[in-house]
Amino acid sequence: KYSGTLNFSARSDKHSATIAAFTHFAYEGMQKAAVFCDIQGQPGKLSNGHFGIYLFDLMMHTLESLNRYAGDHGEIGLKAFVRDHECNHICDALLL
């Protein structure tokens, strides 16, 4: 598990740093109006033969759609991401 519903861990292992940067990238791409949360994943071999992480069971917090999705905590969830996220070297490389 890489993040909870209202907590976004700052673990520093390679997979966690990648997922944290992905979450930040998506948050910026959605104009800070939505963020992925409750991210779970399983490392595995991808169809191209490389190893990666299969993500599953993602949820979202959305600014405009409070309670539209299961577990959507709206602005409270967005603020939790801003509070908990610590940019890492991948965020920096992506100029986030």
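The values are calculated or read from the model by the stated rules, or taken from the named source; none is laboratory data. Note that the structure is predicted; figures quoted are calculated from it, not measured. All Cβ positions, glycine included, derive from the backbone under ideal geometry; neighbour counts span all protein chains shown.
Report yes if G52 is on the phi > 0 side of the Ramachandran plot and more than 12 Å from the chain's Cα centre (by Cα), otherwise no. The answer is no for G52.
Consider G71 against the criteria (1) in contact with a Ser or Thr (Cβ under 9 Å, 6 or more places away or on another chain); (2) at pLDDT 90 or above: it satisfies all of them except one. Which criterion is unmet? Answer for G71: the failing condition is (2).
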